[in-house]
Amino acid sequence: MKNVVEFTVQGSGKKLQVSVGAVFNGGYAGTNQKLVREHIEELAKVGVPAPTTTPTLYPLSNYLATTSDRIQVQHGETSGEVEYGVIWHGGKKYVTVISDHTDRNLENFSVPKSKQACPDVFAPEVWDWDEVKDHFGDLQLKCWVTKDGKRELYQDAPCKAMLLPDAWKEKFEKIGVNKDNNIFVSGTINTVNNTLVFGDFYEIQIHDPVLNRTISHSYTVEILPKGIE
């Protein structure tokens, strides 16, 4: 299906009309393998089987990409994950922040299917890759989650805690990730308390400490009513 997502290049106002080809979600991609193991153990607490290899890379349908401020899910066991994203468009690369929202119940059976079940929520602003490539690892990712009216810092780490885009080059070329209108989602950082939270509201942020600027986005999670079966 056709899914055109509009992004704005921060600072210039330039609009990008990205007709999304596919979304490629990385996983277990931390540079510190001890922290990767902690994340795997974190997921194991809710029944997610360990991967056979790391990092993982899952091709997902293009309709999952959205910049909406509200998503709908089927039950109360879903959660967001802050990640960086790389967008190929018009022969250039752009960077933004994303929440890879995941169905944690379905994740017990299949990680790719669990990611296919929920949207990837993108901030509507992007930065030009050329402006951040020399200090990309210093960009700071943060996520706050609100549950039952209580807001708390959920994730907080620099991009260098994850494999940086250049480290994925071989895998990108193997399955054609780095093509115009494709999007790569990095895989996430650990939670602050090593505990998953099924939140009602998520705030995501990527901060550039060198150029002193920030891209932020937030969204509400709405649980659909039970169907008639």
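The values are calculated or read from the model by the stated rules, or taken from the named source; none is laboratory data. What you see is a predicted model, and the numbers here were worked out from it, not measured in a lab. With ligands, DNA and RNA removed, areas are computed over all heavy atoms of the protein, side chains included. Shrake-Rupley method; radii C 1.70, N 1.55, O 1.52, S 1.80 Å.
When the C-alpha to C-alpha distance is required to be over 25 Å, the pairs from LYS14/LYS147; LYS113/LYS174; LYS34/LYS174 that qualify are LYS14/LYS147; LYS34/LYS174.
The Cα-based radius of gyration and maximum Cα-Cα distance (Dmax) for the stretch 87-198 are 15.3, 45 Å. For the stretch 144-204, the C-alpha radius of gyration divided by 2.2 N^0.38 Å, with N the number of residues, is 1.47.
When the Gaussian network model of the chain links Cα atoms closer than 10 Å, the mean-square fluctuations of VAL192, VAL20, VAL145 top out at VAL192. Which one of ILE183, ILE40, ILE87 has the biggest mean-square fluctuation once the chain is modelled by GNM with Cα springs under 10 Å? It is ILE40.
Stick to the Cα atoms of the stretch 1-103, pair each with every other, and give me the Kirkwood hydrodynamic radius in Å at one decimal. Roughly 15.8 Å, rounded to one decimal. Here the stretch 74-229 exposes an accessible surface that is 48 percent carbon and sulfur, computed with a 1.4 Å probe and the other protein chains kept in place.
At a probe radius of 1.4 angstrom, the accessible area of the stretch 150-229 per residue rounds to 55 square angstrom.
By the compact-protein rule of thumb, 2.2 N^0.38 Å, the alpha-carbon radius of gyration of the stretch 58-117 corresponds to a ratio of 1.24.
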